[in-house]
1. Can you name the residue in region 438-453 that is touching a residue at least 12 places away in the same chain (Cβ under 8 Å) and part of a helix (DSSP H, G or I) and, of all such residues, is farthest from Tyr381 (Cα to Cα)?
2. So, Val89, is that one of a type in the set (Val, Ile, Thr), assigned to a loop (DSSP other than H, G, I, E, B) and either out of contact with any helix residue (DSSP H, G or I) (no Cβ under 9 Å at 6 or more places or on another chain) or open to solvent by less than 20 Å² (accessible area, probe 1.4 Å) (or both) or not?
3. Please specify each residue of region 381-408 satisfying the condition of being modelled with pLDDT of 90 or more and among the aliphatic types (A, V, I, L, M).
4. Out of all the residues in region 188-234, which are polar (S, T, N, Q) and modelled with pLDDT of 95 or more?
5. For the subset of region 240-249 comprising residues that are surrounded by 19 or more Cβ atoms within 10 Å (Cβ to Cβ) and among the hydrophobic types (A, V, I, L, M, F, W, C), which member is nearest to Leu201 (Cα to Cα)?
6. Give Val302, Val237, Val263 a once-over and let me know the one that is out of contact with any Lys or Arg (no Cβ under 6 Å at 6 or more places or on another chain), in a loop (DSSP other than H, G, I, E, B) and either buried (at least 18 other Cβ atoms within 10 Å of the Cβ) or at negative phi (or both).
7. Assuming Thr272 fulfils every condition listed in (1) in a strand (DSSP E or B); (2) closer than 24 Å to Tyr236 by Cβ; (3) touching a Lys or Arg at 6+ places or on another chain (Cβ under 7 Å) apart from one, which condition is it?
8. Please find, within region 341-375, the residue that is farthest from Ile313 (Cα to Cα) out of those that are among the β-branched types (Val, Ile, Thr) and not in a strand (DSSP E or B).
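The values are calculated or read from the model by the stated rules, or taken from the named source; none is laboratory data. These figures come from a predicted structure and were not determined experimentally. Cβ: placed from backbone, ideal geometry, glycine included. Neighbour counts: every protein chain shown. We work out accessible area using only protein heavy atoms, side chains counted, and drop any ligands, DNA or RNA first. Shrake-Rupley method; radii C 1.70, N 1.55, O 1.52, S 1.80 Å.
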Amino acid sequence: MTIFEYLQAVSHAKDYPIYIFKDKEISVRELYRYVLKTINWLAYIGVRQGDRLLISMSNSLEFLCLTYASSYIGCCLMPINPSMSKTQVQELTDYLGASVLLTQEDFNLERLSSFSTFNVETKNLKNNLDLPFLISTTSGSTSKPKPIVLSQKTKVKRAFRTAIELYSLNSNDIIVTSTPMFHTLGFRLSILPVYIGAKGLILDSFDPDYWLYCVNKYGVTFAILVTNQIEAILDYVEGKNISLKNTPLRCIVSSSSSLKQDVRQRLLEAFTGEIHEIYGTSETASATDFDLRKHPDKLLSVGKPIQGVSIKILDNTYRELKPFEVGEIAIKTDLIFSGYLDMPEETRKAFTEDGYFLTGDVGYLDEDGFLYFKGRKRFIYKVGGMNVFPEDIEKVLRQFPGITDCVVVGRQAGGLIGTELVAFYTGRGNVKTSELRKFCMQRLAPYQVPVKFVQLDELPKNSVGKTDRRSLENMLNRGDV
């Protein structure tokens, strides 16, 4: 079934409030009527099967209507960050070959009042399942973003395998979307309710105070959050002396990057429900799941492969490594993307001969098959001939009193040194560099100690809250610090 057909089926079965947005409810049949009008409107402006729609919108009901309507028409959605400049949007429009650009000003529900609905019962939508449906981009935190092509078939399979089945979601659940819908995580979360007849709460932005208010007011039971959101929620409830234990939430899932060890422990103490952490990429979807309560002895891992996923650790010659040997994480799954848009050679290079996707991430498997994430392959630095993982240094820096967050990146140095390490950090008050250096020298090997420490008001983040290492590296290369 297409995504549109799931909406159609649930609207024919019953009428109930399927989405909540800005404290207003919209019923499934009301949404269905809006979607039919959206289909008619898109046809009126000339959108046809195979067209590419560049969508520059924040989280909204309009975004949802365009999603379901595109499923019916067979066109391809290309959601982008609405905060992009006009120049950036034009560059993406040309680069991605967009047929239509739609913004919040171009399309809103009020404009649909003059458009009629129509009978869609007889149209065969089967062919739409394998067409390009969503073009997303990699996060771009460590390299230039690449456009990723996903079909409806893959999006539906991902929804069931990595969320509905994995966390036993059903029609009684209320699912909150608090990440941008232009990113694959928010996009997936926003559609989950139609598959199972559940209810969805869509937040147009994230604020820990408002998030907690909505969770309690609307009885939210399930949330997938990015790591910086979890940290913000914990900081908020601890600062206000509020308990998470009395919320209706039964399951929290952490996504996008590994939780810091202290954050994991704080979350375990603050919340009594299920806590999971997942690892994956935009190309592969979630590849592992880790239940923090079931495996307290594996708290440094990101879990074991989910159903249908196989993981290998490979060296530079693509030889499979033994347990505890560190190498590149490679994933085989039937949830894989269709390829990079108009980049056949890049797509080919992304896979081994036996079909494993090369993630560009580094880690290892233990003897029980649990995966441990070490960092990005691109950010393994050579210092004096020794491999250095920034994450190992960052774990130590975060233990220093007053430091709230940190990132270590490298810049080229002459001679035998190879790379100089620079630590960027945020902190409370004035952190003394001399004491920080001494702290590191007592806990790290000499070649791991950064040559420079730079305090910032905040670390740069990308659209889903990941620290933008590439931005900091560019800052170093420009000589700004």
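1. Result: Phe439.
2. Values: of a type in the set (Val, Ile, Thr): yes; assigned to a loop (DSSP other than H, G, I, E, B): no; either out of contact with any helix residue (DSSP H, G or I) (no Cβ under 9 Å at 6 or more places or on another chain) or open to solvent by less than 20 Å² (accessible area, probe 1.4 Å) (or both): yes.
No, not satisfied.
3. If the condition is that a residue be modelled with pLDDT of 90 or more and among the aliphatic types (A, V, I, L, M), then Ile393, Val396, Leu397, Ile403, Val407, Val408 are the ones that fit.
4. To start, the set of residues in region 188-234 that are polar (S, T, N, Q) comprises 190, 205, 216, 221, 227-229.
Once the filter is applied, which keeps residues that are polar (S, T, N, Q) and modelled with pLDDT of 95 or more, region 188-234 yields Ser190, Asn216, Thr221.
5. So the first thing to find is which residues in region 240-249 are surrounded by 19 or more Cβ atoms within 10 Å (Cβ to Cβ), and the list is 244, 247, 249.
Filter once more, so that each one left must be among the hydrophobic types (A, V, I, L, M, F, W, C): 244, 249.
Values: Leu244: 19, Leu249: 13 Å.
Among those that are surrounded by 19 or more Cβ atoms within 10 Å (Cβ to Cβ) and among the hydrophobic types (A, V, I, L, M, F, W, C), it is Leu249.
6. Numbers: Val237 fails: in a loop (DSSP other than H, G, I, E, B); Val263 fails: in a loop (DSSP other than H, G, I, E, B).
Selected residue: Val302, the only one of Val302, Val237, Val263 that is out of contact with any Lys or Arg (no Cβ under 6 Å at 6 or more places or on another chain), in a loop (DSSP other than H, G, I, E, B) and either buried (at least 18 other Cβ atoms within 10 Å of the Cβ) or at negative phi (or both).
7. In the conditions (1) in a strand (DSSP E or B); (2) closer than 24 Å to Tyr236 by Cβ; (3) touching a Lys or Arg at 6+ places or on another chain (Cβ under 7 Å), Thr272 misses (1) alone.
8. At the first step, the residues of region 341-375 found to be among the β-branched types (Val, Ile, Thr) are 347, 352, 359, 362.
With not in a strand (DSSP E or B) added as a condition, the list becomes 347, 352.
Numbers: Thr347: 20, Thr352: 12 Å.
The residue in question is Thr347.
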